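What follows is one structure encoded as structure tokens, with my remarks underneath.
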Amino acid sequence: MTDPRQRPPALWSWLLARVLPEGEGPRLAHELETLYAARLARYGSAKALAWYRRQVVAFTLAATSRSLVAAPRQARAAVGDLLLAARSLSRAPFLGVTALATLAIGIGASALVFSLVDGVLLRALPYPDADRLVAVWDHVTRGELGVIREEARSLDAVRGYLDVDLGVNLERDGGAQRLATSLVEPGLFDMLGASPLVGRLFLPEEAAPGRTEVTILGEGLWRARFGADPEIVGRTIVLDGRAHEVVGVLPVEWTFPRPTDQLWLPLGWDPTQVGPFWGAGGVRAVARLSSGAKPASAQEELRALSPTLSRRNPLWSPSPDYRRQAGVVPLRDALTGDVRGALGLLLAAVAVMLLAACANVAGLLITRAVDRQPLVALRAALGAGRARLARESLAEGALLGVVGAAGGAILARAGLAVLRPTLLARIPRASEISVDGRVLALAAVMGVVTGLVAAAAPTVRGLRGDPGSILREGGRGAGRGRRRAVLTRILVTGQIAAAVVLVASTALLARSLAAIGRTDPGFSTEGVLTAEVTFPSTADPSAATGTYAGILERVGALPGVTGAALAGSIPFGRRNESYATYVDEADLDPNALPMIDSDRVSPAYFATLGIPLLEGRVFGSDDRAGGERVAIVDEIMARTYWPDQSPIGGRIRYPWVGAPWFQIVGVVGSVADDRLGEERRPRWYVPLDQNPAGEVVLVVSTEGVPTALAPAVRAAVAEVDPGLPLSRVSPYGRLIGASEARTLLTTRLLAGFAVVALLLGCLGVYGVAAQAVRERTREIGVRMALGAGSNTIASDVLIDGLRLAVPGALAGLAGALAAKRVLEGMLTGVRALDPLVLAGVPLLVGIVAVAALWLPARRAARVDPVEVMRRS
Amino acid sequence: MVTSLREAIGMGRDTLGELEHQTLLAALRLGDGAYTAPIVTELEERTGRAHTLAAVYIVLRRLEDKGLVRSSLEDTPGGRDRRYFGVTPAGLERLREARLAYENLWAGLDVLGERRS
């Protein structure tokens, strides 16, 4: 056999094998390969490939004509109808191209959104027994998870993981690289059916304290840092200064718990560490339902377990209310829950848009059917069967639909390619989205159905007319125009309504985004740069405080820097710390401790972010390890737990046994967290120096552009300790922007659909008016000859057009009101019945409609009565 | 009933088409080595026109139906078989007629500026 490199491409060869004449296939294929190899040697691969493709196309055409000759009469007739339709459409290129473009855009957008819905919501998760996998609560403690595992009968496997990026430092020559890391309990990946490229998954005993430390690498890291070394298993790498044995490599497609993970460590359980074991939440769990169990029954069982959990937990006992907030939900819903609303909205939007596109094409076909009515009538008079005429007319619709669907599929693919990078960061399961067979099949069905529906109206109309009267009218009759007008007018009104619905929804979302953008987060982000600094987890906390001071001193001395501070977590950052908290002065049920957010911050934190001090003092340099333990609460916490009195002097502490009390020394302003639009929660602060954190965020305020400062900050941190990597260096504004990124993306997509719908409505209005002017040229001429001014004529055209636009806008408003229920969940700071939107959008659509009417109106005004009279 | 345009306007159904004519000649030139691929190459090299294998193959089968070529399957040293085409006496006769017809038509013409007898 020939060298494989000299063989033609497999796809084309595969196609060729389908179309070669029976019995001669292998022989001819071999001859083509020989010729291909000769061409390759002589003319190079581009020309040889082009030649080979031409050969395949020629055999395909030959096979098609062969099978047509052999096909049953009906099939031949159908192909004949399609060819006829193609020819007749090619004689009306403007109509053909407009209709195809309209359908392609409508179908393309629908297919694109459907591919998102399919990939994210409909398709089963790519895990074995995916329909039995459930997410158990949100953020249980490690100890509680152990109890659930022991007691719950309806769950036959419960495995936990930490849904925070742990971030470990991988040592490399002269520096350290920060790696996105998740902690997962052994058995979790087995339950989800992970299959490592090399090596194995974690073993149960590997999570026990004191064992050899092990890690699993992601394929990306393995390739980038270890040259895809197949012998990696068993090798030792240094993470956070400690040796870890590599036990396996997971393929790049593995995206659990988070798509960004580069490395996984086993999640250990150390019951002797009572504080973290029972006190720190944040553990999430995946479980498999035992056979016969349903999520609801499992939830019942877990609720019944609640008293046991409270009894077993030595630290705190949440109230039954707290337990009732969470439950057992199918894993798919847990992973994708919060995008449902947005995807549903987009799906509804494209459906509306597709309807508008369908109406547009129907309008075009009706116009054309009317123009051709004399011809059709003539053929009917000559004896052409009605079935035959109807078939031809429907064939046009089907052909437009099929070709439009093909165009739509190409558009959807291109659109997805453009969107994919954005989607990956914004929505769960984005890597599973593709324009695949299901989506293409749906596009094809949508195309044919849309085409047939669009062609149905003109077909029915074409069959109804009486050939004799049509021929007598001689193609000039006013009656025809009027009859046609009723139907097209309804369609155009519908298009306007669709445009109003979409534009109004977009406007509401945009206003909501703007309102969110105006919301004061409670601190200043202007000119503030943030960066994460990760200390090796082995580092001595008391040594860390020295490093903190070094970093703050060096960064603070950089030119242009007006303030520098460190914090264990910041609002809109990746992590937040939240603990069940004892608040002594407040009358709290010891069994219902509140979970309260808390941040560890350096003294300059409040000044750097411009958080106002309302009472007492901020932290000072004396609030260091060994000093009196102090805390600051924000105004919401003060109001909630010390109503009508000052919290200064009050006490507060973490839940674990032996945790010290903190003395409240100050009250500061409240800040937003996570989402700008959400209600602010209570929050308290402790000095970072008294509570060192392994991962800190550096916030630096500057008079200039924050990003310009990044290299200098990096250098300053490296001066303090070259082994400390700086990651996620970003202006603070961008962190906040990212929290609204998904709404922004939804709004942009919706805006695109709205613009298309508006254009379609515009085209529709224009089409109707232009057609009316063309048909009534004679009438207009007569009126002008009788003394009507051109302004009167033009305004008649305008008013006639607005008779379409106004009812359409009203219907659209009704539709927008109906859509408000879908939208409400996504709106912040704007009512779904926003008066500005309700008034503004119809006005905008009206203006657009007038713009669309301008050309026909001008044409009507320029009719020359003399010319008209001479012609008739 | 008239079944084709060619018949309707009185072209005998056994007139040689141009590609049929050229394919027969190419097969003749190749002699024993005439199977589809070399015929395509021969046509391309001699006439400068690249026909697709599909076109030439269809022409060969049509010529076979008309009895102007005959084909046979033969094993090659490589172990796979090939369909070789040979021009039949009827095919040779048809080529001769065609050549004679062309020569008669060309006789005495010098429109192309070259001497022909």
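The values are calculated or read from the model by the stated rules, or taken from the named source; none is laboratory data. In this text, all values refer to a predicted model and were calculated from it rather than measured experimentally. Positions of Cβ are generated from backbone atoms using ideal geometry, with glycine treated the same way; all protein chains shown enter the neighbour counts. Heads up: the accessible areas ignore ligands, DNA and RNA and are worked out on the full protein's heavy atoms, side chains in. Shrake-Rupley method; radii C 1.70, N 1.55, O 1.52, S 1.80 Å.
Numerical summary
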| quantity | calculated |
| --- | --- |
| Within the stretch A:381-429: Cβ-based charge dipole about Cα centre, in debye rounded to nearest 20 (Lys, Arg +1; Asp, Glu -1) | 260 debye |
| Helix axis angle, A:790-824 relative to chain A longest principal axis, alpha carbon, degrees | 40 degrees |
| Listed residue (A:Pro196, A:Leu166, A:Ile216) projecting farthest to the positive dipole end of the stretch A:130-338, Cβ model | A:Leu166 |
| Neighbour-limited loop hits for GluC sites (Glu not before Pro), the stretch A:499-568 (at most 14 other Cβ within 10 Å; DSSP other than H, G, I, E, B) | A:Glu526 |
| Cβ-derived FRET efficiency at R0 35 Å, A:Arg73 paired with A:Ala46, nearest 0.05 | 0.20 |
| Label-point separation, A:Arg379 to B:Arg49 (7 Å along Cα→Cβ), nm | 3.6 nm |
| Under Karplus coefficients 6.51, -1.76 and 1.60, residue-wise ³J(HN,Hα) of the stretch B:63-76 in Hz, glycine/proline x | 4, 5, 4, 7, x, 8, 10, 10, 10, 8, 8, 9, 6, 9 |
| Given charges at Cβ of Lys, Arg, Asp, Glu: chain A dipole, positive-most of A:Val376, A:Leu32, A:Thr336 | A:Val376 |
| FRET efficiency for A:Gln663 and A:Glu577, using Cβ-Cβ distance with R0 set to 22 Å, rounded to 0.05 | 0.65 |
| Net length gained if the chain between A:Ala741 and A:Leu614 were fully extended (0.36 nm per residue, minus Cα distance) | 42.4 nm |
| Nonlocal amide H pairs with A:Val252, under 5 Å, H built at 1.01 Å | A:Glu219 |
| Spin-label model distance (nm) - A:Arg821 vs A:Ala304, 7 Å beyond Cα toward Cβ | 3.6 nm |
| Amide H within-cut-off set for A:Val140, under 5 Å, with H built and near neighbours excluded | A:Gly282, A:Val283 |
| Total accessible surface hidden between A and B, rounded to 100 Å², 1.4 Å probe | 1500 Å² |
| Most positive-pole-ward Cα, A:Thr547, A:Ala814, A:Ala62, against dipole of chain A from beta carbon charges | A:Ala62 |
| For the stretch A:433-446, 3J(HN,Hα) per residue [Karplus equation, 6.51 cos²θ - 1.76 cosθ + 1.60, θ = phi - 60°, Hz, x = Gly/Pro] | 7, 7, 8, 10, x, 4, 5, 5, 4, 4, 4, 4, 4, 4 |
| Chain A: angle of helix A:386-426 to the longest principal axis, Cα-based, in degrees nearest 10 | 20 degrees |
| Relative contact order of chain A, pairs being alpha-carbon contacts under 8 Å that are 6 or more residues apart, as % | 15 percent |
| Percentage relative contact order, the stretch A:1-70, counting C-alpha pairs under 8 Å, at least six apart | 37 percent |
| Average beta carbon contacts from partner chains per residue of B:38-48, 10 Å cutoff | 1 |
| Test item: Cα-centred dipole of the protein assembly as shown, Lys/Arg +1 and Asp/Glu -1 on Cβ, debye | 5980 debye |
| Gain on full stretching of the segment that runs from A:Arg91 to A:Arg388 - 0.36 nm per residue minus C-alpha separation | 104.9 nm |
| Value of [θ]222 nm, deg cm²/dmol, for chain A, DSSP H segments ≥ 4, -39500 (n - 2.57) each, nearest 500 | -18000 deg cm²/dmol |
| Solution diffusion estimate, µm²/s, Stokes-Einstein, chain A, Kirkwood Rh from C-alpha pairs, 10 °C, viscosity 1.306 mPa s | 48 µm²/s |
| Amide H partners (placed H, <5 Å) of A:Leu155, local residues excluded | A:Ser290 |
| FRET efficiency estimate (nearest 0.05) - Cβ-Cβ, A:Leu11 to A:Arg172, R0 51 angstrom | 0.75 |
| Accessible area, probe 1.4 Å, largest first, for residues A:Thr336, A:Thr792, A:Thr525 | A:Thr792, A:Thr525, A:Thr336 |
| Accessible carbon and sulfur surface of the stretch A:653-774 relative to its total accessible area, %, 1.4 Å | 60 percent |
| ³J(HN,Hα), Karplus 6.51/-1.76/1.60, whole Hz, each residue of the stretch A:225-238, x for Gly, Pro | 9, 10, x, 6, 4, x, 8, 5, 4, x, 6, 10, 10, 9 |
| Simple spin-label estimate for A:Arg803 and B:Leu92 in nanometres, 7 Å along Cα-Cβ | 8.6 nm |
